[in-house]
Every structure is written in structure tokens, then in C-alpha cells.
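Reading through the C-alpha cells given below for one structure.
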Amino acid sequence: MALFEARGLHKRFGDQVVLEEINLAFEAGSLSGIMGPNGAGKTTCFNVLTGRYRPDRGSVRFDGDDITGWAPHRIVRRGISRSFQIMNLFDEYSALDNVVVALPSVRSRSFDVLHAIDADSEAQDRAETILDRVGLRGRERVNVRSLSYGERRALEIGVALATDPRLLFVDEPTAGLGTGATARLAELIQELKRHTTIVMIEHDMRFLFGLADRISVIHWGQVIAEGTPDELRENPWVRRSNLGGLA
């Protein structure tokens, strides 16, 4: 049984059908990719899988449990976390503070978060470990506004890791990154893959094909192809499309 499964997902907004009979399965210990052209329904699919949207029909299961329609915070507590295409960071705080406030032990004391940041040495130690893991050792006390764009991307992944997820959804991590930062991010995700199951939407096909174990192609709100990177390189639709040239 796959760690995470979606079956028959359907989502519409008004008269527009955005997802139609989406079936996906992600195996534990793997990096699964989702790709497709702009407007294909990838981000809507992510939002349904992570609880931001409730599907009109279909089911989502995690580790054997039906989590269809669960609120995002409940899904996070169950062991699923997510980064976003548009970063969600507290610019006025340090990198360390951003991770500390995302730790479950601190979030449970939301009435006293500022005190927790300053006084909870255990939480700070945990946050420093996470920042080291995402390549931000020595940048713990730097204000987020002063971090480079690539460092901010790494920090957002660190914030997502603060909940110690079994499954991490990553949305367009290379967006806005240059060549050097993209290479560093690839090294980070390759390292994270050793310990965390990852599902990633990515527009950079070379980046995705170099990391993913399996990839699903979404177009017109449907999964039209799936397989290993090598299998998709030979897929007739992918080869005819611009996606095939990029891969």
C-alpha cells in the first residue's frame, strides 16, 4: 500500500472543472514529481491533497487513514507538511525565530510565542538543527529580509520540516532561483529525500527529472501520463510537448 493515495478526485469552481478523476499514489521513501503546463491544475491538486480545498468527490488517504476534507492544521498534525510557491515567512524575524514559531511545542503555546522564542532553549536547539539541515548554519540570527532569495527558499523548507513530517509537499521550489542556487537546492532536496518522503511540483524539468523517482503529468485537470523519468522521456505526448524538450 502506498503511503499516500488519492482516488477519483474531482474539483470545480463554478462552471469550471479544474480536476477530473485524479488518481495518484506516492510510495514511502520516494520523491514523486508532478508536472504539467501552466493552468493544468497542478496547484489546485496540491491544495486538495493538503487540505486547502475540499474535493467535490473522491478520497485522499494517508498511511491507511481517510483524511479527505481534513483541515490543513489537522493534516499537519497527522504528519504532512508543505512549502508554498509564494513564500510565507515572517520578514521581521530572524531565520531561527521563523523555525521556532513553527515547532509544534511552541505553536501549542500560541498565547506566549514571543516568550517561547526567547526562553525555550530546547526549541532553539531544535530550530538550529533544522537550519543546519537545510544549509543555513551560521545564518540563524540573520533577519529574513537580509537573506538571499535562495536562502529564503531553503528557510521555507526548514519551516515545513519543523513539524517533523513523514510526507513533505514542495511547490515550485526553484521559482526565481539562479543556476547556482538551483544546484544548491538540488543537493538539499537530495539529502532530505534520504529521510523524508517528498512530493514536488516543479516547472524546471531538468531539476525534476534529476531528482524524482516517479512523475505524474497533469493536463486539462487529468493525469495523462506517469512513470519514471526515463519512461516519460519516451512518452509520445511528453516528447511532442515543450515539456519533453525541457526534460
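Observations on the structure shown:
- Hits in the range 121-139 (condition: surrounded by fewer than 17 Cβ atoms within 10 Å (Cβ to Cβ) and closer than 26 Å to M200 by Cβ): T129, D132, R137
- Within the range 170-199, residues that are without any contact (Cβ under 8 Å) to a residue 60 or more places away in the chain have Cβ atoms under 6 Å from residues that are small (G, A, S) in these pairs: L177/G150; A181/G150; L188/G135, counting only partners at least 6 apart in sequence or on another chain.
- Qualifying positions in the range 41-64 - touching a residue at least 12 places away in the same chain (Cβ under 8 Å) and in a helix (DSSP H, G or I): K42, T43, T44, C45, F46, V48, L49
- Residues satisfying the criterion are absent from the range 154-163 (criterion: in a loop (DSSP other than H, G, I, E, B), surrounded by 19 or more Cβ atoms within 10 Å (Cβ to Cβ), of a type outside the set (K, R) and at positive phi).
- Selected residue [within 22 Å of L211 (Cα to Cα) and at pLDDT 90 or above] from S81, S59: S81
- When L232, L131, L208 are checked against the criterion of being farther than 26 Å from G51 by Cα, in the same structural domain as R74 (by TED's automatic domain parsing), in a helix (DSSP H, G or I) and touching a helix residue (DSSP H, G or I) at 6+ places or on another chain (Cβ under 9 Å), L232 stands alone in meeting it.
- Scanning the range 52-73 for residues that are closer than 18 Å to G221 by Cα and crowded, with 16+ Cβ neighbours inside 10 Å yields a count of 4.
The values are calculated or read from the model by the stated rules, or taken from the named source; none is laboratory data. Note that the structure is a prediction, hence the values are computed from the model and not measured. Counting neighbours? That spans all protein chains shown, and the Cβs are built from the backbone with ideal geometry, glycine included.
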